[in-house]
1. With respect to residue 113, is the statement that it is closer than 15 Å to residue 22 by Cβ and not in a helix (DSSP H, G or I) true?
2. Which strands (runs of 3 or more DSSP E) sit wholly inside the range 1-100 and have at least 2 residues that are modelled with pLDDT of 95 or more and buried (at least 21 other Cβ atoms within 10 Å of the Cβ)?
3. Of the conditions (1) surrounded by 18 or more Cβ atoms within 10 Å (Cβ to Cβ); (2) at pLDDT 95 or above; (3) touching a helix residue (DSSP H, G or I) at 6+ places or on another chain (Cβ under 8 Å), residue 114 fails just one. Which one is it?
4. For residue 137, state whether it is assigned to a helix (DSSP H, G or I), surrounded by fewer than 19 Cβ atoms within 10 Å (Cβ to Cβ) and either touching a strand residue (DSSP E or B) at 6+ places or on another chain (Cβ under 6 Å) or touching a residue at least 60 places away in the same chain (Cβ under 8 Å) (or both).
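The values are calculated or read from the model by the stated rules, or taken from the named source; none is laboratory data. None of the values given here were measured: they were computed from a predicted structure. We place every Cβ from the backbone using ideal geometry, glycine too, and count neighbours over all the protein chains shown.
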């Protein structure tokens, strides 16, 4: 490891990303609890119109996502500048979305919850009470641009093991 990597500041924001049903909220909440950090869910930042569109089974467009990404970027900038450190669950499926969210790469980390479509489809069949349903999964996988600069974690493991893998991978 280079001296720069060893001396890099610890992240103040960790973005847990992946398609719907990959476990972003569950893992994000567990990681935040383990670190003593705050947790935010990007779903809470969608406009009512975007939530209604997804509830009707329609995928969001980049235009639909623009105000959402701007709000999330503001949250990230605030948390990097004044804290508290935060774990953010956010799909961030495209590189352009991750670029829009990146305020200070040295103070952020992206964690990609990676899993196959059949595993996630089964999880979504068991999920209740969420506005984004199974009908959006194919479009999410179609939109997904797997990150090259994120810690990728296999979601077939137990949640505790996934959190452990993230902590080890990010040296937290």
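1. Working: closer than 15 Å to residue 22 by Cβ: yes; not in a helix (DSSP H, G or I): yes.
Against the criterion (closer than 15 Å to residue 22 by Cβ and not in a helix (DSSP H, G or I)), residue 113 qualifies.
2. Ranges flagged: 13-17, 86-89.
3. Looking at each condition in turn, residue 114 falls short on (3).
4. Judged against the criteria, residue 137 is a match.
Per-residue answers, yes or no, for (1) in contact (Cβ under 8 Å) with a residue 60 or more places away in the chain; (2) within 16 Å of residue 11 (Cβ to Cβ); (3) in contact with a strand residue (DSSP E or B) (Cβ under 6 Å, 6 or more places away or on another chain):
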position: 88; (1), (2), (3): yes, yes, yes
position: 105; (1), (2), (3): no, yes, no
position: 120; (1), (2), (3): yes, no, no
position: 148; (1), (2), (3): no, no, no
position: 155; (1), (2), (3): yes, no, yes
